[in-house]
1. Return the FRET efficiency for the residue pair Leu217, Asp174: r is the Cβ-Cβ distance, R0 is 22 Å, and the value is rounded to the nearest 0.05.
2. Once phi is turned into ³J(HN,Hα) by the Karplus curve 6.51 cos²θ - 1.76 cosθ + 1.60 with θ = phi - 60°, what whole-Hz value does each residue of the range 165-177 show in order, with x for glycine and proline?
3. When all protein chains stay in place, what accessible area (Å², nearest 10, 1.4 Å probe) is found for Asp199?
4. So with the 1.4 Å probe, I'd like the accessible area per residue for the chain, rounded to whole Å².
5. Only Lys, Arg, Asp and Glu count, each charged at its Cβ (+1, +1, -1, -1), so figure out the dipole size of the chain about its Cα centre, rounded to 20 debye.
6. Between Gly84 and residues 5 or more places away or on another chain, which pairs have amide H atoms under 5 Å apart, with H built 1.01 Å from N, and which residues are they?
7. What accessible surface, in Å², does a 1.4 Å probe find on Ser59, ignoring ligands, DNA and RNA and rounding to the nearest 10?
8. Below 8 Å between Cα atoms, with a sequence gap of 6+, how large is the relative contact order for the range 68-140 in percent?
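The values are calculated or read from the model by the stated rules, or taken from the named source; none is laboratory data. Keep in mind the model is a prediction, meaning the values are calculated, not measured. No Cβ is skipped: glycine too gets one built from the backbone with ideal geometry, and neighbour counts run over all protein chains shown. Surface accessibility is based on the protein's heavy atoms, side chains included, excluding ligands, DNA and RNA. Shrake-Rupley method; radii C 1.70, N 1.55, O 1.52, S 1.80 Å.
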Amino acid sequence: MEPTDRPSRATEAFFGRRHGKTIRPQQAKALERGLRAYRLDLTAEAPADLGTLFKADVSACRLEIGFGGGEHLLHRATEAPATGFIGVEPFVNGMAKMMTALDKRPLANLKVYDDDATRLLDWLPPADGIDLLYPDPWPKKKHWKRRFVSPANLDRFARVLKPGGRFRFASDIDSYVNWTLLACRAIGGFAWQANEAADWHTPYEGWPGTRYEAKALRAGRRPAYLTFIRK
C-alpha cells in the first residue's frame, strides 16, 4: 500500500495514556532487552510472507491488538508454537509486564509492536487472524469516534486478513458490542459466526480468561465473544 493510499490518521487516537505507575528497574531492563529482541521494525520493508518475521517455523500468523498485560497472548503463543503471534500494546506498563514474562520464558513465535496499531496494520502482509479483546470502550458518546472499531480500521482488517481469516472481538460493554456488529454489517466482507445467543456468550475454545474479563464478571457484566470470517 502506498502512503497516499493509507487512511488518514488525522483524527485517530484509539488509546489513552501511554504510562501508568513507574516501572521497577528490573522491569525496565527486561523491557529494554525485550524490545530489542521482539519489536517489529516498521522502517524495514514488509515481507511478502508474514511467517518470515519469526525465529520459529510457523504455518499461520495472528495479531492481537491491545494485549494489556499479555496473559491471553502468552497463553496462545505457548499453546500453539507453530503459529506466529504479533501483539500490539502502546501502554508501557503492559509491555513491560510482557517483556518480563518473556525474559523468563522466551518464545520464538512471538513479535510485538509498542505504538499505534494502525501503522502496523498498514504495513502488515496478509495474516490469518486478528483479535481485539476488551478494547477501551470509550463509554461517553462524544468519545465513540475513538473506538478502535471504525470503518477505516475495518477496511484495514479486510486488507490484512486472508479470505477465511477470523476477526475476534470480545467486550463486556453492550453498546460497543452492538456498535461492532453494526459496523461489520455496514462495511461488508465480514460474516458473523452465530446462530443463537449462546454462540456469542460462550468464550472462545481454549479461552484462558483475562483480568479485564474477571473485573467485568465481578461487576455483573456479561461478556460477548464475537467471531467474524473474512469473506
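1. Values: r = 15 Å, r/R0 = 0.67.
The computed FRET efficiency comes out at 0.90.
2. Coupling constants for the range 165-177: x, 10, 10, 10, 10, 10, 7, 9, 9, 4, 5, 6, 4 Hz.
3. Surface accessible to solvent at Asp199 totals approximately 60 Å².
4. Details: 12040 Å² over 231 residues.
Accessible area per residue, the chain: 52 Å².
5. On the way: 37 positive and 27 negative charges, 178 e Å.
In debye, rounded to 20, the chain gives about 860.
6. Ser59, Ala60, Cys61, Arg62
7. Surface accessible to solvent at Ser59 totals approximately 100 Å².
8. Details: 58 pairs, mean separation 23.6, N = 73.
Reported as a whole number, the value is 32 percent.
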